[in-house]
Amino acid sequence: MANMLEVKGLQKSFGELDVLKDITFDVAQGEVVAVIGPSGSGKSTLLRCLTQLERADGGTVSVCGEPMLTAEGYRDTKTLHQIRLKTGLVFQNFNLFPHMSVLRNITEAPTVVLKTDKAQAQARAKELLKKMGLEAKADAYPCELSGGQQQRVSIARALALSPEILFFDEPTSALDPELTGEILAVIKELAAEGMTMVIVTHEMAFARDVADRVIFMEHGVIVEQGAPSQLFGDSASDRVKQFLARFNG
Amino acid sequence: MTSEEILHLLGLMLQYLMPTLKLFGATLLYAIPLGMVVALMKMCRFKPLSWLTNLYILIMRGTPLLLQIIVVYYSVPTIRSSASCPAGLRTLLERVELKGDAGDVYMFRMILLAFVLNYAAYFAEIFRGGIESIPKGQYEAAAMLGFTRLQTFFRIILPQVVKRVIPASSNEVITLVKDTSLAYAMGYMEIMYIAKKQMTTFSSLTPLFLAGAFYFVMATVLTMLFGLAEKKLDYYK
């Protein structure tokens, strides 16, 4: 299978602080990768570098076979824009547009950025909302929805651009445990459909049950990566064992 | 004053309402867009521009509007007639400074210029506060969806800024309607001008109270309009 993401020697520092040191990993098409690790390990920064929200300081990144960051630096603006449209990001705190209805939150980018016909974009948005179990909320405003519903809208919004790889930045951290389940169910469904996903999460059970591969990060490096059964079962790393001890019980 | 005199006076003052509204409307028409530009200039990453803009705002907010009106009004004739004025500038100023029948046009333009420069500074600070209050996540979400910077500003940020700046802007606009009375100092014939004149004619305070009533009604109407606007934008938080 083709690699949807190829990351080699990725580096990022904020001033003196090296947040990412030599990160290397690939993600195959249809693979679901969970990134776990303690706070401050660089997980979110990694995601932000892969989605161009932060500029990395070194290394190379290819997205969907298209080099994004090469040894010579970042590609031109136009190419970066094209790459970005192939990637979606679901934020921890949703970041829905509060002044737009749910439907318009989803149709705005397709109609404005991709110049999709309005009726077509709306039909697609309704389809996505149905999939998220939110067909009745098309005309509601984000402030009228629960956190879990808002997050599902934001997933629909990302999907409306038909991304080839979807990133999640702690998608359930702002939700109470009851609502967390809704989001995890949606992600499971996407995984079953073959969506390539990279999920930064604190939900260990979720990482274990849904991910094809788990990456454990700490201090800006990948300590270990492998199948969930490997990390959760018998990790080679004492640090990983220790981190997961509380969860494994 | 008899009630007939008061009625006559009211009719007279209504004729002078138009110049007041003209100055008010024209100031808003120019000061609001200019205020947005000034706000963006102040937030500009090119520091010298940001500092220069800040200096402009400091001066406009730190000195009286009346003084600014007088300075703007007299700057053209004073600079033009100064011995050290370069010929090119002099020609330009001579074209700006209209005389005779067009003197009123010159007066209105100069007063308007002072009002616009002053109010743009206040609006700029309100708009800047509004723009900076929009969470970073809105920009990031827009970027991830492929919106350009301009699309992000006009479709995502600005509509939210409008809602947030309405309460503060309503204060400015209501102050402006009363501030138009300062134009009286330059001889601009608006409500304050006729009220003062009639006060002398009738040796009565009534014209002043009537003028006050005009401003009061305008301010109240504006308050209600802004209340409606706030309500209309209340559909989201």
Residue within the range B:67-84 that is aliphatic (A, V, I, L, M), in contact (Cβ under 8 Å) with a residue 60 or more places away in the chain and part of a helix (DSSP H, G or I) present = yes
For the subset of the range A:96-106 comprising residues that are open to solvent by 10 Å² or more (accessible area, probe 1.4 Å) and part of a helix (DSSP H, G or I), which member is nearest to the other protein chains (Cβ to nearest Cβ)?
-> A:Arg104
What is the one condition in (1) closer than 22 Å to A:Lys86 by Cα; (2) part of a helix (DSSP H, G or I); (3) touching a helix residue (DSSP H, G or I) at 6+ places or on another chain (Cβ under 6 Å) that B:Glu140 does not satisfy?
-> (3)
List, please: which pairs have Cβ atoms under 6 Å, are six or more places apart or on different chains, and start with a residue in the range A:213-227 that is surrounded by 22 or more Cβ atoms within 10 Å (Cβ to Cβ) and end with one that is among the small types (Gly, Ala, Ser) and not in a loop (DSSP other than H, G, I, E, B)?
-> A:Val214/A:Ala34; A:Val214/A:Ala207
Selection within the range B:89-119 - loosely packed, with under 12 Cβ neighbours inside 10 Å and under 29 Å from B:Ile57 (Cα atoms) = B:Arg95, B:Val105
Quick one: in the range B:205-235, which of the residues that are loosely packed, with under 12 Cβ neighbours inside 10 Å and within 14 Å of another protein chain (Cβ to nearest Cβ) is nearest to B:Val173 (Cα to Cα)?
-> B:Lys232
Counted residues in the range A:131-146 being farther than 15 Å from A:Ala185 by Cβ and surrounded by fewer than 22 Cβ atoms within 10 Å (Cβ to Cβ) come to 10
Tally, over the range A:78-94, of residues that are among the polar types (S, T, N, Q) and over 27 Å from A:Asp22 (Cβ atoms) | 2
Over the range B:48-78, the set of residues open to solvent by 70 Å² or more (accessible area, probe 1.4 Å) and modelled with pLDDT under 95 is B:Tyr74, B:Thr78
Go through A:Leu85, A:Leu20, A:Leu10 for me and flag whichever is of a type in the set (A, V, I, L, M), under 26 Å from A:Val113 (Cα atoms) and either in contact with a strand residue (DSSP E or B) (Cβ under 7 Å, 6 or more places away or on another chain) or within 13 Å of chain B (Cβ to nearest Cβ) (or both).
-> A:Leu85
Would you be able to tell me the number of residues in the range B:35-47 that are open to solvent by 70 Å² or more (accessible area, probe 1.4 Å) and outside any loop (DSSP other than H, G, I, E, B)?
-> 3
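The values are calculated or read from the model by the stated rules, or taken from the named source; none is laboratory data. From a predicted model like this one, the values you see are computed outputs, not experimental measurements. Every residue, glycine as well, gets a Cβ built from its backbone with ideal geometry; the counts of neighbours run over all protein chains shown. To get the accessible areas, we keep the full protein, side chains included, count just its heavy atoms, and leave off ligands, DNA and RNA. Shrake-Rupley method; radii C 1.70, N 1.55, O 1.52, S 1.80 Å.
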